[in-house]
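Report on one structure; see the data block that follows.
The values are calculated or read from the model by the stated rules, or taken from the named source; none is laboratory data. This structure is a prediction, so every number in the text was calculated from the model and none was measured. With ideal geometry, Cβ positions are generated from the backbone for all residues, glycine too; neighbour counts draw on all protein chains shown.
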Amino acid sequence: MTATASTLTLREAERLYLLRRAGRTASTLDRLGGDDRRGDGATVQQRQAAQSPCVPKRNNDGGAQPLMALLILLAFYFLPAFIALLRGKRNAGALAVLNLLLGWTLVGWVVALVWALTNDAQTPPPATYVPPAPAPRIDALRARNHAYRQRVRAARRGGPISD
């Protein structure tokens, strides 16, 4: 296993270091078919064949993790705007613009969050016009006035008061 230092993997470099420390070379271990102390029973040649440079190594850390982290951060960044929309605030658009433009500062984000959590000002309902009670009909007033005058005249004459 003669390779330049630039093409060695970390595991191979560690193996060479341990072999040199033990006083052996990689070529003697290859000739003996040694297993370089991994305990899996495979020879060095078998491992080298399994790790062919023609077969690309797969990175199984997942490409979704950075995307998921970005989505979580964006959801947290726009949390005040989401709260305003869910609470039905009448100025949710202005709050979302404030969150978008000044949310990157901690002060702007906190102001947007407080604004989203406060209640809208309760404006008094508009005054409604209540018309006055309808005036009594003029005929009814005249009849009452006429009856009143008759009673007054009868009282002055000393006669009986009739309704």
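It is to be established whether one or more residues within the range 61-68 are surrounded by 10 or more Cβ atoms within 10 Å (Cβ to Cβ), at pLDDT 80 or above and either touching a strand residue (DSSP E or B) at 6+ places or on another chain (Cβ under 8 Å) or over 30 Å from Glu12 (Cβ atoms) (or both).
Taking the range 61-68 as the starting set, the residues that turn out to be surrounded by 10 or more Cβ atoms within 10 Å (Cβ to Cβ) are 66-68.
Pick out the ones that are also at pLDDT 80 or above and you get 66-68.
Those left that are additionally either touching a strand residue (DSSP E or B) at 6+ places or on another chain (Cβ under 8 Å) or over 30 Å from Glu12 (Cβ atoms) (or both): 67-68.
Looking through the range 61-68, at least one residue is surrounded by 10 or more Cβ atoms within 10 Å (Cβ to Cβ), at pLDDT 80 or above and either touching a strand residue (DSSP E or B) at 6+ places or on another chain (Cβ under 8 Å) or over 30 Å from Glu12 (Cβ atoms) (or both).
With the condition kept exactly as written, say whether any residue in the range 135-143 is in contact (Cβ under 8 Å) with a residue 12 or more places away in the chain and outside any loop (DSSP other than H, G, I, E, B).
For the range 135-143, residues in contact (Cβ under 8 Å) with a residue 12 or more places away in the chain and outside any loop (DSSP other than H, G, I, E, B): absent.
Determine whether Arg58 is at pLDDT below 90, part of a loop (DSSP other than H, G, I, E, B), of a type outside the set (A, V, I, L, M, F, W, C) and under 21 Å from the mean Cα position of the chain (by Cα).
The answer is no for Arg58.
Just give me the residues in the range 89-134 being outside any helix (DSSP H, G or I), under 19 Å from Tyr77 (Cα atoms) and out of contact with any helix residue (DSSP H, G or I) (no Cβ under 7 Å at 6 or more places or on another chain), in sequence order.
Within the range 89-134, the first condition is being outside any helix (DSSP H, G or I), and the residues that meet it are 89-91, 103-105, 118-134.
From what is left, the residues that are under 19 Å from Tyr77 (Cα atoms) are 89, 91, 103-105, 118.
Answer for the range 89-134, where residues must be outside any helix (DSSP H, G or I), under 19 Å from Tyr77 (Cα atoms) and out of contact with any helix residue (DSSP H, G or I) (no Cβ under 7 Å at 6 or more places or on another chain): Asn91, Trp104, Thr105, Thr118.
Of everything in the range 112-144, what is farther than 30 Å from Ala81 by Cα and surrounded by 10 or more Cβ atoms within 10 Å (Cβ to Cβ)? Give them in sequence order.
Correct list: Leu141, Arg142, Ala143, Arg144.
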